[in-house]
1. Among the residues in the range 161-182, are any more than 28 Å from residue 129 (Cα to Cα), open to solvent by less than 20 Å² (accessible area, probe 1.4 Å) and away from the ligand (no atom under 13 Å from the Cβ)?
2. If residue 28 meets every condition in (1) in a strand (DSSP E or B); (2) at pLDDT 95 or above apart from one, which number is that one?
3. For residue 120, state whether it is touching a residue at least 12 places away in the same chain (Cβ under 8 Å) and under 30 Å from residue 232 (Cβ atoms).
4. With respect to residue 52, is the statement that it is within 21 Å of residue 129 (Cα to Cα), crowded, with 20+ Cβ neighbours inside 10 Å and of a type in the set (A, V, I, L, M, F, W, C) true?
5. Which number in (1) modelled with pLDDT under 95; (2) acidic (Asp, Glu); (3) within 15 Å of the ligand (Cβ to nearest atom) marks the one condition that residue 126 misses?
6. Any residue at all in the range 65-77 that is aliphatic (A, V, I, L, M), open to solvent by less than 70 Å² (accessible area, probe 1.4 Å) and modelled with pLDDT under 95?
7. For the range 199-249, which residues satisfy the criterion of being part of a helix (DSSP H, G or I), within 9 Å of the ligand (Cβ to nearest atom) and not aliphatic (A, V, I, L, M)?
8. Yes or no: residue 196 near the ligand (Cβ under 10 Å from one of its atoms), surrounded by fewer than 22 Cβ atoms within 10 Å (Cβ to Cβ) and not β-branched (Val, Ile, Thr)?
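The values are calculated or read from the model by the stated rules, or taken from the named source; none is laboratory data. Keep in mind that what you see is a predicted model, and the values were worked out from it rather than measured. Cβ sites come from the backbone with ideal geometry, for glycine too, and all protein chains shown count toward neighbours. For the accessible areas, the whole protein counts, side chains as well, though only heavy atoms, and no ligand, DNA or RNA atoms are used. Shrake-Rupley method; radii C 1.70, N 1.55, O 1.52, S 1.80 Å.
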Amino acid sequence: MPATPAWPPKSLPRLFVPGPLGPGVSLELDGGQANYLGNVMRLKTGDQALLFDGASGEWLARVSDAGKKRMTLTIERKTGDQEAVPDCWLAFAPVKRSPTDWLVEKATELGVARLMPVITRRTIVERVKLERLEAIAIEAAEQCNRTSVPHIAEPLSLEALLKGRDHERTFYFADENGGEHAATAFKPGPALILVGPEGGFTDEERVAIRAAPNSIAISLGPRILRAETAALAALAIYMAVAGDWLVAP
Ligand code: SAH
């Protein structure tokens, strides 16, 4: 007897759409999303897709009207509950455009809840295109089966980050000059991981960060990692030892 395939089949297109979603809700997609479903995925009336809105979980929907520039779908049933990704935020000094794009995509796949661009003394990129980064985060969430999309905050200065942060949220500072072993330093609970720019942190910044309440300097090994590599490595270790990669037996 062949095993029954997992349901819904993984090959269904999966889209982040504006909510609220619920049984029987019909929504009309236009622009890029209609084009993707209609012309890229070639969905016709009666075909199915998976939809999520970032708040109510994932839903199976059926195309009720397929047009060239717009597409109407009607929701049939819920296929997944709204997940709670670990309460882990990543503050990063933006680097050049494509490594920052890459960092946002990978951090989303790894399960980050919030991304905070931080301007430090040696940050070379002062402006980030938030809309662009949000689109990258949405696409990564669609691909990796998240039902939540990480929030991307407006850029803020390191001073503002230090002044405004909630001291209950453990502040892990990736320090290329050394720190605690990340695998033992990370503990479950609200976390803020900070990664510096290509030029690293200035000594003054390092002193200010280390003086911040509930802050822990972490080492990511003996080599100097690019900022985006450090962000990825720190998040992977956090998710493995303190996040949701530990699947209950
Ligand atoms: N230009 C600096 C390195 C900056 S690397 C120098 O040559 O010293 C960019 C950021 O990645 C750093 O600010 C730090 O946050 C992180 N990082 C890189 N390697 C690291 C390591 N081995 N341990 C901890 N953090 C690291």
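1. No, there is no match, as no residue in the range 161-182 is more than 28 Å from residue 129 (Cα to Cα), open to solvent by less than 20 Å² (accessible area, probe 1.4 Å) and away from the ligand (no atom under 13 Å from the Cβ).
2. So residue 28 meets the others, but not (2).
3. Yes, satisfied.
4. Answer is no for this residue.
5. Just one mismatch for residue 126, condition (3).
6. Checked the range 65-77: at least one residue is aliphatic (A, V, I, L, M), open to solvent by less than 70 Å² (accessible area, probe 1.4 Å) and modelled with pLDDT under 95.
7. 228, 229
8. Criteria not met by residue 196.
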